[in-house]
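First up is the structure itself, then whatever we jot down about it.
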Amino acid sequence: MTQATPSPLLHLSRHHLGHGAEVVLRDLDVHLEHGERVALLGASGAGKSTLLEALRSALHEQGTPAAWCPQRQGLVPQLSVYHNIFMGRLDQQSSLTNLLNLLRPRPAHWQAVAAVCEPLGIAGLMERSVEALSGGQRQRVAIARALYQGYDLFLGDEPVASVDPHQASQLIHWIHSRHATSVVALHQKELALTHFTRVIGLGKDENGNGKVLLDANTDDLKPQDLDCLYPAASSEPLDVD
């Protein structure tokens, strides 16, 4: 008996993606499989954020929840680290529970948030306001909020851009340990090749159109294979698209 091939987690086919009348990515055909760890690479403005937003929207439409760690973090500076992380589950609990927790955190919720914070090195900062944190600490809070959501799928837009390479490696490892599937936009080529199973590279074709220029398993790639994604750069660019 022939075993059926499992269906992909998501398939975006022949899509044009952009903002209003501006097309950022043309003729998109991207699939996402269960259990993959996908790194999105490309120069600034290549469309990594645009693709992540499209994936997130399509997953939501089909009823697949995903932990979300946006590039601009979306933290509330005046609130504590604890409350910012707790907000990751606001839609999973009643309004009354959320209101009472704002006034006085329940021990069970506090312990659950602390369990996420501990391996990220921010458990001692839970009572501190986010506005008092460094950039790297804020990035860890944003990651913790996504982890606290408890979903199998993680979508991250430059989640380790504000930390050094060693810390970035640790954070990616922890993200993968908590999620079966992940799609993460990066600007570190080495990190993509060592911590992910697949690379989707975005860039411009000969006509200046945004395209998927590369889609391959990391086992089949070498660092120089990624140079085509940064034709005008002499060093790693920081993605702000």
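Each eigenvalue of the Cα gyration tensor of segment 104-218, multiplied by 5 and square-rooted, gives one semi-axis; in descending order these are 31, 15, 13 Å. Suppose R0 equals 22 Å. What FRET efficiency, 1/(1 + (r/R0)^6) with r the Cβ-Cβ distance, do Ser129 and Arg72 give to the nearest 0.05? Calculated transfer efficiency: 0.75. Taking the Cα centre of the chain as reference, the dipole from Cβ charges on Lys and Arg (+1) and Asp and Glu (-1) amounts to some 880 debye.
Histogrammed with a bin width of 10 Å, the alpha carbon distances of the chain distribute as 7, 31, 33, 20, 8, 1, 0 percent, first bin at zero. Annotation: amide H-H contacts under 5 Å for Gly203 (H modelled 1.01 Å from N, sequence separation of 5 or more, or interchain): Lys211, Leu213.
Which of Ser80, Ser162, Ser134 moves most in a GNM of the chain, Cα contacts under 10 Å? Result: Ser134 has the largest fluctuation of those listed.
Bear in mind that the values in this text are calculations on the coordinates, not laboratory data. Model, not experiment: these values are computed from the prediction. We place every Cβ from the backbone using ideal geometry, glycine too, and count neighbours over all the protein chains shown.
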